[in-house]
Amino acid sequence: MEGSQQILNLTVVGLTFALYIGIAIWARTGSTSEFYVAGKGVNPVANGMATAADWMSAASFISMAGLIAFLGFTGGAFLMGWTGGYVLMALLLAPYLRKFGKFTVPEFIGDRFYSKTARVIAVICLLAISITYVIGQMRGVGIAFSNILEVPLTVGLISGMVVVFIYAVFGGMKGITYTQIAQYCVMIFAYTVPAVFIAIAITGVPIPQIGLGSTLVGSDTYLLEALDQTLVDLGFAAYSATEGGFNMLNMFLLTISLMIGTAGLPHVIIRFFTVPRIRDARKSAGWSLVFIALLYTTAPAVGAMAMWNLLDTVLVDRHSIGEAEAHTRYEDLPDWMYRWEQTGLLQWEDKNNDGRIQYYNDGNAEFDQMAREQWGWEGSEITNLDRDIIVLANPEIAGLPTWVIALVAAGGIAAALSTAAGLLLAISSAVSHDLLKGVFKPDISEKNEMLAARISMAVAIIFAGYLGLNPPGFAAEVVALAFGLAAASLFPTLMMGIFYRKMNREGAIAGMLAGLIVTLGYVFTYKGFLFFPQLALLPDTAEYWLFGINPAAFGVIGAVANGIISFAVAKMTAPPPAEIQKLVESVRVPRAD
């Protein structure tokens, strides 16, 4: 990276850090109510924006467009699942949980099911979800930092860990809320501005969503049509084809898993405890959808145009793939490829020693054989192309101005930091408020409770940072696993806690354990115990998956197991006390505020 570009990147990122820390200091907390739920005084529009930032993590900003770029049509499962979950949350959970009036999800479960054991199990579920989720954020922070500082991923991730720790311990929910509003503004500006530039360059249309369905500049050929043809010519599945990526079973299961997982995410649900009134919780969810849609409707265009620009980089002529002259000379590769090579996230090798780079699908046996026999290729020469670099590298690939590149770097870090902060708060509140104060030491002082919250944050950062260096997958895939755990453990229990007054503590406890154990067991089988790949029992490939179900899509199976076990155990044990049943009925009754 040229010195001027690196200075500009550091300046823009440094200014955003100064803004975040300034806001956190201004909004620092003075009580546990402010630390956990911002004093329940956040405006629903502001809370909607903060919730969007809290939820649109590094997976959304950094990884989702990369997923779509490589999965094409089937990558839409992530868009449908993650946005659809907010509809479920707005209609089925947010207003009722706000009416219940507790600080955390485990606190609701403990009180609703009149059991400290249920509360502890809910904390275990929350920690499993949040730590898995924060792994993806730490990886996103590391990737962004490694690009900005031009250092290996390890150094970038450790730098990110330090910043996340400083940032997260300042102000609790009150500071995090207003910081997340600023981060949303940085994030959405950083995502849409490059997309507009790139859409104009490729299609001449300034609105990316429309540009995706438009023709190429100076041509009558549609972008998707040309992209499909080029990918097929290189042995890949067509971008808009339903084959390739996820099959229909996994696409369906993943969409449902992400939907109910979104509705069961503890660090998002807790945001609806921060608004003044019950009806504001539903308004917040509606505003969240509006703010999320600005990014999510842009992502398919970013993914498609990123893939187009990547192919444009390695191909001189798309119409004569088999000719040597159609492929870019190594000496003519752009600077951005050499910069990303230093991070270890992009690697290539001249396998046939022809001085040109051939990028194609050598996993397609038929195409690979033809390419070797007819063209003398020896395998795809881009040996590692991490999907998580697509958005961050996109402005460089497209040759956009240096300030746009710096802006995208700042946006990627903002996305990872905003969600990491929300997750860390959920983890620390679970340890300090739900376990320490709620179960083991009810008489603990506010000062010591907040100290315990900060210590648990530090431990979570260190653990997640280590796993961020050795992740079970790229950022969005790791996050999808967290959504699966939320879908299997907390969502069914919350739903039954609100809508089934006869669900008792025994049923809830058995259901949560069943959903968590079934889903974690399946995930660990293929991803490795505690996500250490060397501890996997079976290879993580379709031929070894149970009924062909991808581990990322297994959450819905865990949710079904949760529901069946809960109802079976509840039918065989005593119903909840009459006062609990009346409480459940009252939570569902609308009232004026």
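The values are calculated or read from the model by the stated rules, or taken from the named source; none is laboratory data. Please read all numbers here as calculations on a predicted model, not as lab measurements. Glycine also receives a Cβ, built like all others from the backbone with ideal geometry; neighbour counts cover every protein chain displayed. Accessible surface areas use protein heavy atoms only, side chains included; no ligands, DNA or RNA. Shrake-Rupley method; radii C 1.70, N 1.55, O 1.52, S 1.80 Å.
May I ask you to list the aspartates and glutamates whose Cα is less than 16 Å away from that of residue 99, ignoring any residue fewer than eight positions away on the same chain? Candidates past the 8-residue exclusion: 107, 111, 280, 585, 593. Note on the chain: with charges restricted to the Cβ of Lys and Arg (+1) and Asp and Glu (-1), its dipole about the Cα centre is near 4080 debye. Judged by the ratio a/c of the largest to the smallest principal axis of the C-alpha gyration tensor, segment 523-564 counts as oblate, that ratio being 1.5 or greater while a/b is no larger than b/c. Across all C-alpha atoms in segment 282-425, the radius of gyration and Dmax reach 19.0, 62 Å. Roughly what % of Cα-Cα distances in segment 201-302 sit above 19 Å, to the whole percent? So the portion of pairs separated by more than 19 Å is 64 percent. For the chain, the longest principal axis of the alpha carbon atoms and the long axis of helix 505-527 meet at an angle near 20°.
The listed residues 437, 116 rank as 116, 437 when sorted by accessible area, largest first, using a 1.4 Å probe. Compared with the alpha-carbon gap, the fully stretched path from residue 365 to residue 293 is longer by 22.0 nm at 0.36 nm per residue.
Here segment 365-450 is assigned +1 on the Cβ of each Lys and Arg and -1 on the Cβ of each Asp and Glu. Its dipole about the Cα centre then comes out at about 540 debye. The alpha carbons of segment 106-239 give a radius of gyration and a Dmax of 22.5, 68 Å, in that order. Distance between the pseudo-spin-label points of residue 319 and residue 353 (7 Å out from Cα toward the beta carbon): 3.4 nm. Of the residues 533, 14, 45, the one whose Cα sits farthest towards the positive end of the charge dipole of the chain is 45 (charges of +1 on Lys and Arg Cβ, -1 on Asp and Glu Cβ, taken about the Cα centre). Computed over the alpha-carbon pairs of segment 396-458, the distance histogram in 5 Å steps reads 4, 17, 18, 13, 9, 8, 8, 7, 6, 5, 3, 2, 0 percent, short to long. A Förster distance of 45 Å, applied to the separation of the beta-carbon atoms of residue 114 and residue 240, puts the FRET efficiency at 0.30.
Peptide packing: for 553-559, 9-15, the average count of neighbouring Cβ atoms within 10 Å per residue gives the ranking 553-559, 9-15, highest mean first. Out of every Cα-Cα pair that segment 497-593 contains, those further apart than 21 angstrom amount to 50 percent. Of the whole protein surface, residue 259 contributes about 50 Å² of accessible area at a 1.4 Å probe radius. In terms of accessible area, using a 1.4 Å probe and ignoring ligands and nucleic acids, 185, 125 rank largest first as 185, 125.
Computed over segment 318-385, the Cα gyration tensor eigenvalues convert (square root of 5λ each) into semi-axes of 22, 14, 9 Å, ordered from largest to smallest. Helix 555-572 and the longest principal axis of the Cα set of the chain meet at an angle near 20°.
Using only the Cα atoms of segment 424-581, construct the convex hull and provide its projected area averaged over every direction, in square nanometres to one decimal.
It is 11.4 nm².
Residues in the chain average 36 Å² of solvent-accessible surface per residue, probe 1.4 Å, ligands and nucleic acids excluded. Distance from the alpha carbon centroid of segment 109-129 to that of segment 59-81 works out to 32 angstrom. Among the chymotrypsin sites (Phe, Trp or Tyr not before Pro) in segment 288-387, none sits in a DSSP loop with a Cβ that has at most 12 other Cβ atoms within 10 Å. Helix-only arithmetic for the chain: the sum of -39500 (n - 2.57) across DSSP H runs with n ≥ 4, divided by the residue total, places the mean residue ellipticity at 222 nm at -21000 deg cm²/dmol.
With a 1.4 Å probe and all protein chains left in place, how much of the accessible area of the chain comes from carbon and sulfur atoms, in whole percent? Here carbon and sulfur together make up 64 percent of the probe-accessible area. Placing a pseudo-label 7 Å from each Cα along the Cα-to-Cβ vector at residue 560 and residue 247 gives an inter-label distance of 1.6 nm.
To the nearest 0.05, how large is the calculated FRET efficiency for residue 329 and residue 542 if R₀ is 35 Å and r is the Cβ-Cβ distance? Working shown, then result.
Numbers: r = 37 Å, r/R0 = 1.07.
Efficiency, from the Cβ-Cβ distance: 0.40.
Full extension of the chain between residue 277 and residue 582 gives 107.6 nm of extra length, using 0.36 nm per residue less the Cα-Cα distance. The residues packed around residue 399, meaning those with a beta-carbon under 12 Å from its beta-carbon, carry a net charge of -3 if Lys and Arg are +1 and Asp and Glu are -1.
The angle between the Cα long axis of helix 299-314 and the longest principal axis of the Cα atoms of the chain comes to about 30 degrees, rounded to the nearest 10.
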